[in-house]
Amino acid sequence: MPRKNRRNPEFFQPQEAPRPRSAAPDWAELPGYDVRHVGGEKEYRCPGCDHVVRAGTWHLVVIPLDAPDERRHWHTECWRKELRRIGAYRPPPPGA
C-alpha cells in the first residue's frame, strides 16, 4: 500500500514578509530620524569620520524628520559609533 505524505499544517501558515534591503537594522533606528540602508550611486562625505563613502557601497542615510534637507550619509560603523557616543546604541540580540 502506498504511503500518504502529509504536509505539516504549519507549512500553510502565512510567512512573514522578508525585510526590505533598504530597511535599516533595528539597532540603527533613532527617534526623530528616518534611517535607511542604501547603496549610493555617487560618493558622499561621512560626517562621522570625514572620509568618503564610495559609490555603490551600502551605507546608512540619516534624515532628521523636522529638517529633511539636513540628511547625511554615514558609514554603518560610523553611525554605530555615533549612537554609542550619544548613549542611544541598542545592540542586536544574540543570534540576530
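The values are calculated or read from the model by the stated rules, or taken from the named source; none is laboratory data. Please read these numbers as outputs of a predicted model, since none were measured by experiment. Cβ coordinates were reconstructed from backbone atoms using ideal geometry, including for glycine residues, and neighbour counts include every protein chain displayed. To get the accessible areas, we keep the full protein, side chains included, count just its heavy atoms, and leave off ligands, DNA and RNA. Shrake-Rupley method; radii C 1.70, N 1.55, O 1.52, S 1.80 Å.
For the stretch 67-96, how many residues are of a type in the set (A, V, I, L, M) and in a loop (DSSP other than H, G, I, E, B)? Don't jump to the end; show me each part of the working.
Step one: filter the stretch 67-96 for residues of a type in the set (A, V, I, L, M), giving 67, 83, 86, 88, 96.
Restricting the remaining residues to those that are in a loop (DSSP other than H, G, I, E, B) gives 67, 88, 96.
Of the residues in the stretch 67-96, 3 are of a type in the set (A, V, I, L, M) and in a loop (DSSP other than H, G, I, E, B).
Between residues in the stretch 42-53 that are over 15 Å from E82 (Cβ atoms) and residues that are part of a loop (DSSP other than H, G, I, E, B) and not acidic (D, E), which pairs lie under 7 Å by C-beta distance while being six or more apart or on different chains?
K42/A55; E43/R54; E43/A55
Please work out if G39 is free of Cβ contacts under 8 Å to residues at least 24 places away in the same chain and either on the phi > 0 side of the Ramachandran plot or under 13 Å from the mean Cα position of the chain (by Cα) (or both). Step through it out loud before you land on a result.
Details: free of Cβ contacts under 8 Å to residues at least 24 places away in the same chain: yes; either on the phi > 0 side of the Ramachandran plot or under 13 Å from the mean Cα position of the chain (by Cα) (or both): yes.
So G39 fits the description; yes.
Can you tell me how many residues in the stretch 67-95 are more than 18 Å from D34 (Cβ to Cβ) and open to solvent by 100 Å² or more (accessible area, probe 1.4 Å)?
The total comes to 4.
Scan the stretch 3-17 residue by residue and report those that are among the polar types (S, T, N, Q) and open to solvent by 100 Å² or more (accessible area, probe 1.4 Å).
Filtering the stretch 3-17 for residues among the polar types (S, T, N, Q) gives 5, 8, 13, 15.
Result: N5, Q13, Q15.
Yes/no matrix, rows are residues, columns are (1) modelled with pLDDT of 95 or more; (2) of a type in the set (A, V, I, L, M, F, W, C); (3) out of contact with any Lys or Arg (no Cβ under 6 Å at 6 or more places or on another chain):
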{"position": "P14", "(1), (2), (3)": "no, no, yes"}
{"position": "R21", "(1), (2), (3)": "no, no, yes"}
{"position": "G32", "(1), (2), (3)": "yes, no, yes"}
{"position": "P47", "(1), (2), (3)": "yes, no, no"}
{"position": "R80", "(1), (2), (3)": "yes, no, yes"}
{"position": "R84", "(1), (2), (3)": "yes, no, yes"}
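For the stretch 33-66, what are the residues that are of a type in the set (D, E, K, R), open to solvent by 60 Å² or more (accessible area, probe 1.4 Å) and assigned to a strand (DSSP E or B)?
Listed by number, the residues that qualify are R36, R45.
Can you say whether P20 is out of contact with any Ser or Thr (no Cβ under 9 Å at 6 or more places or on another chain), in a loop (DSSP other than H, G, I, E, B), more than 18 Å from E77 (Cβ to Cβ) and open to solvent by 100 Å² or more (accessible area, probe 1.4 Å), as far as the supplied structure shows?
Working: out of contact with any Ser or Thr (no Cβ under 9 Å at 6 or more places or on another chain): yes; in a loop (DSSP other than H, G, I, E, B): yes; more than 18 Å from E77 (Cβ to Cβ): yes; open to solvent by 100 Å² or more (accessible area, probe 1.4 Å): no.
Answer is no for this residue.
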